[in-house]
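Structure first, then comments.
No value in this document is a laboratory result; all are computed from the given coordinates. Values in this document were obtained by computation on a predicted structure and should not be read as measured data. Cβ placement follows ideal geometry from the backbone for every residue including glycine, while neighbour counts extend to all protein chains displayed.
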Amino acid sequence: MSTAQNLLNTDVMLDVTKIEAKSGTYVLVFYFARKKEIEIGKLGKFLFCPGFYLYIGSAFGSGGLRARIKRHFRKSKKTHWHIDYLRSEIEIFEVGFSIQGKKEECYWVSLFESIHGITCPVPKLGSSDCSCKSHLFYCSQKPNFLSFQSCIRCDLERIVVRESEISRARAGNITSR
Ligand SMILES: [Zn+2]
């Protein structure tokens, strides 16, 4: 196996059940290949351009990050949060998370806002309960994970999902309850 393939395989760590059931903050990176209009609950309809979408959330309920990220991987489910409307139409490309004792999602949002080239496509998505402009960001190019890390100043664990893994997840235990 070539070094490149090795790197690719070690990079893919899809088994969400290995995520610790602890509290923390996460960033979901979605990829959208084609322009599409999507209705985000009561926020209304928005036109989503091709590119990468970043959603920042935190998990402090039972099951912690494991349960929350597992839920995000399930494409069809009862819509509860704004992000669920987007998730039903879009693929997860990458997930980054950090186990933390206190909620840092809004702090992460404030740092992400200042990253060059990042814009806010849907005002108030995921931020009904806080004063953030939105918890969703758009980036036309693939966001650089190392720049996330230096931005939030903590180590991120990471799951990279590719098309083949996405199909496998749909068929396997990640998408079922
Ligand atoms: Zn917020």
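What to note about this one:
- Dipole axis of segment 35-125 (+1 Lys, Arg; -1 Asp, Glu on Cβ), positive-most option in SER98, PHE112, PHE52: SER98
- Overall, segment 3-171 carries a charge dipole of about 500 debye about its Cα centre when +1 sits on the Cβ of Lys and Arg and -1 on the Cβ of Asp and Glu, all other atoms neutral.
- If you take the Cα centroid of segment 121-141 and the Cα centroid of segment 51-89, the two points sit 14 Å apart.
- Order of GLU39, GLU157 under a 10 Å beta carbon neighbour criterion, fewest first: GLU39, GLU157
- As a proxy for reagent exposure, ranking TRP108, TRP81 by other Cβ atoms within 10 Å from fewest up yields TRP81, TRP108.
- Fewest-first sequence of ARG68, ARG158, ARG153 by Cβ atoms within 10 Å of each Cβ: ARG153, ARG158, ARG68
- Projected over all directions and averaged, the alpha-carbon convex hull of segment 3-171 occupies 9.9 nm².
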